[in-house]
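> Starting off with a structure, shown below.
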Amino acid sequence: MPETIESASQHSPNLDHPTLPVVREAFPDARLRATEFRGQTTLIVEPDDLHRIMRFLRDDPQCEYNFLSDVTAVDYLDYPAESIGRFAVVYLLLSHRHDRRLTVKVYLDPTMDTSGTADDPGLRVDSITDIWPGAEWPEREVFDMYGIRFNNHPDLRRILLWKDYPAHPLRKDYPLRGRGEREMYRVIERDDA
């Protein structure tokens, strides 16, 4: 279970990432947690705080996470350990100047059935494309595969599947063999294109 940054710095020698106290000092009102696994530190933030913290991580001279290497997501449905939320959006950051890596996670819980493609208000988080323009396509992939929507994204539409695909296939409640999409999909012949 993630620890708060305050307790992590007092009780765990592994959570000594230099960015954590800087963020804690800059955002005393934010609920921040951190974990460490195999030398990799993860900062867990609340969805409402994500955008301002990400901008800070890029712009503050003590942080300078100038490179966003990836945006992805995780579905923790039936995960054996206790989880903060069903879904997590995961951001992998790199500071070239300080030679540091940091993972940032935001947990989200659905408020409705996840078997379809409905716009669930619980699965929304702010886009960071205005901070790192390279987040545009990875955020679209997360939307396409998991159904997590990004507020203020400049072009949020499917990127891997066709626009009328009836589900988000990386959700763990989606059947491995699909729901007949392959059998019902119309094959386009060369002459039709």
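> Has the stretch 75-94 got at least one residue that is charged (D, E, K, R), modelled with pLDDT of 95 or more, surrounded by fewer than 17 Cβ atoms within 10 Å (Cβ to Cβ) and under 22 Å from Asp49 (Cβ atoms)? Can you show your working first?
Of the stretch 75-94, the ones charged (D, E, K, R) are 75, 78, 82, 86.
Next cut, modelled with pLDDT of 95 or more only: 75, 86.
Pick out the ones that are also surrounded by fewer than 17 Cβ atoms within 10 Å (Cβ to Cβ) and you get none.
For the stretch 75-94, residues charged (D, E, K, R), modelled with pLDDT of 95 or more, surrounded by fewer than 17 Cβ atoms within 10 Å (Cβ to Cβ) and under 22 Å from Asp49 (Cβ atoms): absent.
> Still on this structure, I have one more. On the given criteria, is Val90 of a type in the set (Val, Ile, Thr) and touching a Phe, Trp or Tyr at 6+ places or on another chain (Cβ under 9 Å)? Spell out the reasoning first.
On the way: of a type in the set (Val, Ile, Thr): yes; touching a Phe, Trp or Tyr at 6+ places or on another chain (Cβ under 9 Å): no.
No; evaluated as a whole, the condition is false for this residue.
> Hey, can you tell me all the residues within the stretch 166-177 that are at pLDDT below 85 and either surrounded by 14 or more Cβ atoms within 10 Å (Cβ to Cβ) or of a type in the set (A, V, I, L, M) (or both)?
Matches in the stretch 166-177: Tyr174, Leu176.
> To continue, here is another question. Out of Thr41, Thr111, Thr72, I need the residue that is in a strand (DSSP E or B) and surrounded by fewer than 18 Cβ atoms within 10 Å (Cβ to Cβ). Which one? Talk me through it step by step, then tell me what you get.
Details: Thr41 fails: surrounded by fewer than 18 Cβ atoms within 10 Å (Cβ to Cβ); Thr111 fails: in a strand (DSSP E or B).
Every option except Thr72 fails the conditions.
> Determine whether Thr35 is on the phi < 0 side of the Ramachandran plot, touching a residue at least 60 places away in the same chain (Cβ under 8 Å) and among the β-branched types (Val, Ile, Thr).
Considered against the rule, which asks whether it is on the phi < 0 side of the Ramachandran plot, touching a residue at least 60 places away in the same chain (Cβ under 8 Å) and among the β-branched types (Val, Ile, Thr), Thr35 comes out as no.
> Next question. Given the criteria touching a residue at least 40 places away in the same chain (Cβ under 8 Å) and either under 25 Å from Leu57 (Cβ atoms) or crowded, with 17+ Cβ neighbours inside 10 Å (or both), does Gly134 qualify?
Judged against the criteria, Gly134 is a match.
> Could you count how many residues in the stretch 75-102 are part of a strand (DSSP E or B) and either of a type outside the set (Phe, Trp, Tyr) or closer than 16 Å to Leu170 by Cα (or both)?
Taking the stretch 75-102 first, the residues part of a strand (DSSP E or B) are 75, 87-95, 100-102.
Going one step further and asking which of them are either of a type outside the set (Phe, Trp, Tyr) or closer than 16 Å to Leu170 by Cα (or both), we end up with 75, 87-90, 92-95, 100-102.
Residues in the stretch 75-102 being part of a strand (DSSP E or B) and either of a type outside the set (Phe, Trp, Tyr) or closer than 16 Å to Leu170 by Cα (or both): 12 in total.
The values are calculated or read from the model by the stated rules, or taken from the named source; none is laboratory data. Just so it is clear, the model here is predicted, and its values are computed rather than measured. With ideal geometry, Cβ positions are generated from the backbone for all residues, glycine too; neighbour counts draw on all protein chains shown.
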